[in-house]
Each structure stands twice: as C-alpha cells, then as structure tokens.
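What follows is calculated from the coordinates using simple rules that are stated; it is not laboratory data. Given the structure is predicted, the values throughout are model-derived calculations rather than measurements. Because the Cβ atoms are built from the backbone with ideal geometry, glycine has one as well, and the counts that use them run over all protein chains shown.
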Amino acid sequence: MTLHDLYLLSPELSLASLGMVVIILDMVLRRKGVLAAVSVVGLLAPLAFSISLWGDLSGEPDGQMVGIFNTLVVDKFSLFFKFLVMGIVALVVMSSVEYVSRLRQFQGEYYGLMLFSASGMMLLAATTDLISTYVALELTTLPLVALAAFLRDSRSTEAGIKFLLLSAMSSAVLLYGMTLTYGFTGTTQLVEIFERLGASLDATVPFGSHALFLGVIMIVAGFGFKIAAVPFQMWVPDVYEGAPTPITAYLSVASKAAGFAIILRVFYIGFGEISLDWAALFAVLSAVSMTVGNLVAIAQKNIKRMLAYSTIAHAGFLMVGVASIAARVPVGETTLGPSGVLFYLVAYAVTNLAAFFAIIAISNRTGSDMISSFAGMGRRAPFLAIILAFAIVSLLGIPPTAGFMGKLYMFSAAMKSDLAWLVVVGVVNSAISAYYYLKVIRVMYMVDPEGEEKIHVAYAPQAALYITALGILALGIFPGPLMTVAEKAVAVLFR
Amino acid sequence: MNLENFLIFSGIIFSIGLYGALSKKNVITVLMSIELMFNGVNIALIAFSRYVVPQRIAADPVAAEAEVARALAEGTALGETVLSTLLTGQVFAIFIITIAAAEVALGLGIVIAMYRNRETVDVTQANLMRG
C-alpha cells in the first residue's frame, strides 16, 4: 500500500467516510433535515477526486492506473460508473427527504447505508481481480438488504429476508464459478485469466473446457441475480414491493448499473477468448428476460410490482448489448454493443428515477401503491402526472426520449452482430410493454379522481424531478456527447 | 490424496447446502445450509490452492524459488511475487469466511425483526406479497 494506492481508492474512501460522518451527525444533531444536505454536498469530495483521477489518466500511456496489488484499476470505464453512481445517489437522496422525515429513528443510518452501498458499486466497476470483485459485490448488496428491511414492518422484513437469502445463495453459486475458473487458470486476475485461457482451450468442447463451462454458467447465474435477469429474478417483485420506495428506485438503477459494469469487465476482459460461447448464453437470457418480464407485468395492479417486472424486461434489453460482441462486428464498430449498454444504463437511470420520484411524491400523499390510486392525477397533480407520463413514454422507447435512443443503439449493435432474431424479439416486446405502460397514463388522465385535494411537492424532490425529466429530454435530443464519452470509456475493454 | 477427492467432497458439501437452502422451511436452517454452500466453495479453493498453483510453479521451480528468496530478502510487497500466487486460494477463502459471517449477522438481525412482527421464522409463511 502506497500513498498512490490510497489516491486511486480516494473516491470510494471519501464516500464511505461521508457515510460514517452522516451517521455520527445523526447522533449529535437535533435537526435531522441537515443530514440529506450533508449527504448531497459531501458527494463533492468523491466527485472532486474522480475528476482529478480523470485528469491524471491523460498522462498515462495505456489510459489506466493500476494499484493495490493489481486488484484495482482506475480507467475511463470505472470513472464513468463512479460518476453515474454518484449522480444516482444524489438524486435518490434528494427525493428521499420527505419520505425519511417521517421515519421516527435511524435517519442517519438510512443515508449512511445508501452511501456505503454506493462505495461498493464504485469499487465493483473498478476491480480487476475476482477476490476484490466478490468483496465489492457484497459491500454493494449487504447495505441494500439492510435498507430493504429498514421499515421493520411485516412487508419490509419479508423483503429483507428474501433478498438476503437469495443473494447469499447466488453469491455462493457465483463463488463456485469463480473457484472453478481459478482452479482452471491458477489465477484470479482478469488479465492473467485471459492470457492463460488462450493457451489451454479445447475447441471441440463448448466454452473450451468442461470446468470452464460449469464455471462460466455459475458466474452468469451469480451476476444474473444482481441485474435481475430471468431465471434469477424471483426476488425482484417482492423486494421492490416491500422495500421503502426510494430504496426501490435506488435498487432498480444503481444496483443494475454496477452489475452490468462488472459483467462487461469480467466477460470482455477475463473471458474474451470464449466470447462467442457466452454471447450466445446472454442472447438467450436476454430474449427470455424481455418476454417474461413484459408478459407478467401486464397482470400487475401494484405500480411498484409493475415497475419491478419492467426492470426485468429492461435487463433483457441491456443484455442485447452485452451479447453484441466484438468478434462478429466489423472493425471500427467493435465498441457499439458495450458503449450502447453504458448509454442505455444512463438513459434508464434518469427515466426510471423520474418515474419512481413521481410515484414517491404521489404515494406519500395517497398512501397507496395501487395503479388504481393514481386515478385523476392529471388533475390533482398536473406536474407529477406529466413527468410520470413522460418517463413512461421513455421507458416505452418513443422519441424524443432517452429510452428511444438507448433502444436504437442497442438494436443497431445487435443487427451488426448478426442477432436479427434478438432485435425482432426486442421490438415485439416493446409493443407488448405499451399495453401496461399506457394503462398507467390512461388511469391518470381518463379516470375520475377519488378526491379533489391537490398534491404538492417539497423543493428537493421537485428539483430531482426537474433534473431527471431534463435528462430524459436532453439524452433523447442530443445523445451524441454521452455516446462519445461511453465509447471512450469502453475502449479499455478491447485490448 | 488426489485433487479429485477434494473436489468431489466439495461438490457434495455444496450440493447438500443447496438442497437444504431450497427445501427447508426454517430461516435459521436455510442460513445454515447457505453457510454449508460457502464451505463447499472454501474446500475447493484450498484444494486448488494446494494442487493447481504449485504445478504451474513446478514448470520452472528454480526461477520461482529465486523470486521468493529475493522477495523475502528485499522485503518486497507480497503482491508482486510468486509467494502471493501460492496463497491466492487461501486468501480468497479467508475473505469468504469473513463476509459470510457479516451476511449471517445481518440475516439473524432481520430474522429477529421478522419474529417480532409475526411470531414465526418459517419462510413458507413469508408470503404477504404475491403476483
């Protein structure tokens, strides 16, 4: 450990320290409203460190800085996810203010756990060793489990225990896969795994070896749990419904982004030699996730549950990009699949957060998560209803929204990788999803309200709503700049 | 003893744990079964660490030995030497044990909260949300 190692780790360290500061302030201060402000303003420290690291990268010949016994890498890919996670945390904290002010105790722990989990996500995007990957994964998950069970009522503890048991089981499976990979290659370093696989593969067996076949499938199962892909999605609807709504929003975007970050890094760098085999696996999972998620969402009456199934379907759309691998793509367009994933993750983050923030504001007043309770919101809360409708249009993928551009990049990457069948499945699924997404808009504008009382929103959540709605519009009209950054970020995956 | 024996043993332990985690009703038993799965992984890791890595080093034992000796003499960080690759599997196992302990602590906390709410720790009773 040198000072330079600490500097490489400084965004994560400062974020985790911020979490501890918030918890300590909670014990000292009487006015709890300060806690949210400290959490958001404190994010400037990891932000400053990340910007400084980004600046230092230009001086490095191979565009990366490796530290802490080769387990941590700072490159544009990991910094991209650091910025994304910090943005998500800031927005979710802003939208939680009203929700948290009604908690009788542990307000500091609420923000603190959220920040700890965020530091795990930032670490996850930056790990280059299977051991540190596992540690970062659990650092991400365990605070989220505690947050899911935070309300300590029947539903919340049920969500927590389901999340914990299934995530522990999936990490055990993931670990067995990592162990087989370690046994096969004799190393846990992704770059070395890549180098040693090249020499020792048998072309007649799928995945080049039976041990690796089992190992890769178990790793896909473990990561598939994190990103909520079918058939590892059993926990999603129950946890989303039972957890506090801001945590559901956080879980649906941040945890998914971190999951895709580590999938891209492990598979593109570590298992690059057998990319055709795992790409086929991801293509199948993608088709199944889209279809199952959308079909089951149709029957849902609770809006959080509906968005849970919608998040499963979007994991399917994102996996289209993972499956669009370089080996089949003409040179010069090799980065289209992964950079599309990065763009889609940002687009999905602003879209889903906008939808959830509007839902939080509305259900704070009505006290219900049922779709029927959104009746007449077009009149009772015109501002919230228009933003929720706009977010739903973006989830559906209609221009001029971020969701449309995301799907466009994804499908064009798939077309160039000879995955036309997957594009057909995706387009059919977009059509299916219109049914249940538009149902919410219909209820808000065409059904008479239950009461006439207007719904007002506090300043902080209102600001979060404006930012996310602007994000949807901006990415839908000017996708170019973000796409350029995403392409630069994924360049490290192709070497 | 062969590597195969350890791997079969670890596979059996892992499978017993997986079966228990999927079939038992009591949350505490499920947590114990998951612990068994982690221990199955640990056995495989330590067996690999003992059998697989030395073979790799056996390809050029002189160079490996020289490197270890140099590292010990100069006090170089272990991260850059053969010695650290020898220990990778065992280090991994220690991390798993530590994190599994944290996981169980959190699990038991939630189990207590769950018991206070509904006076049972039966997972089949955890069915408030459906659909």
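The figures follow:
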item: Taking the C-alpha atoms of region A:165-282, convex hull volume expressed per residue in Å³; result: 94 Å³
item: From phi via Karplus (6.51, -1.76, 1.60), per-residue ³J(HN,Hα) for region A:410-424 in Hz, x at Gly/Pro; result: 4, 5, 5, 5, 5, 4, 6, 9, 6, 10, 4, 4, 5, 5, 4
item: Pairwise FRET efficiency - A:A48 versus A:R104, Cβ, R0 = 30 Å, nearest 0.05; result: 0.30
item: Nearest-20 debye value, region A:3-494 charge dipole, Cβ charges on Lys, Arg, Asp, Glu; result: 1420 debye
item: Cα gyration tensor category, rounded, prolate or oblate, for region A:233-294 with a/c compared to 1.5; result: oblate
item: On Cα atoms only, tilt of A:480-490 relative to the major axis of chain A in degrees; result: 40 degrees
item: Per-selection Rg to Rh, region A:278-417 - Cα, Kirkwood hydrodynamic radius; result: 1.05
item: Total formal charge among the other residues, if their Cβ is under 15 angstrom from that of A:L295, Lys/Arg +1 and Asp/Glu -1; result: +2
item: Region A:427-485 shape via C-alpha gyration tensor axes, a/c threshold 1.5; result: oblate
item: ³J(HN,Hα) computed for each position of region A:67-81 - Karplus, 6.51 cos²θ - 1.76 cosθ + 1.60, integer Hz, glycine/proline x; result: x, 6, 6, 6, 9, 10, 10, 10, 9, 5, 4, 5, 5, 3, 6
item: Environment charge of A:L174, counting only residues whose C-beta is closer than 14 Å and scoring Lys/Arg +1, Asp/Glu -1; result: -1
item: 3J(HN,Hα) from dihedral phi, region A:232-240, Karplus parametrisation 6.51/-1.76/1.60, rounded to Hz, x for glycine, proline; result: 10, 10, 3, 6, 4, x, 5, 5, 4
item: Helical mean residue ellipticity (222 nm; -39500 (n - 2.57) per DSSP H run of 4+; nearest 500) of the protein assembly as shown; result: -25000 deg cm²/dmol
item: Solution diffusion estimate, µm²/s, Stokes-Einstein, region A:1-131, Kirkwood Rh from C-alpha pairs, 25 °C, viscosity 0.890 mPa s; result: 160 µm²/s
item: Exposed-site-free run, longest, chain A (rule: GluC sites (Glu not before Pro); DSSP loop; at most 15 other C-beta within 10 Å); result: A:1-332
item: Charge dipole (region A:77-181, unit charges on Cβ, about Cα centre) - positive-most of A:L123, A:L166, A:S101; result: A:S101
item: Whole-Å semi-axes of the ellipsoid equivalent to region A:102-213 (Cα gyration tensor, √5λ, descending); result: 38, 16, 8
item: Sum of side-chain charges, A:A118 neighbourhood, beta-carbon under 11 Å (Lys, Arg +1; Asp, Glu -1); result: 0
item: Relative intensity, log₁₀ I(q)/I(0), of chain A from a Debye sum that treats every alpha carbon as a point, q = 0.11 Å⁻¹; result: -0.87
item: Crossing angle, helix A:382-396 versus chain A [Cα axis fit, 0-90 degrees, rounded to tens]; result: 30 degrees
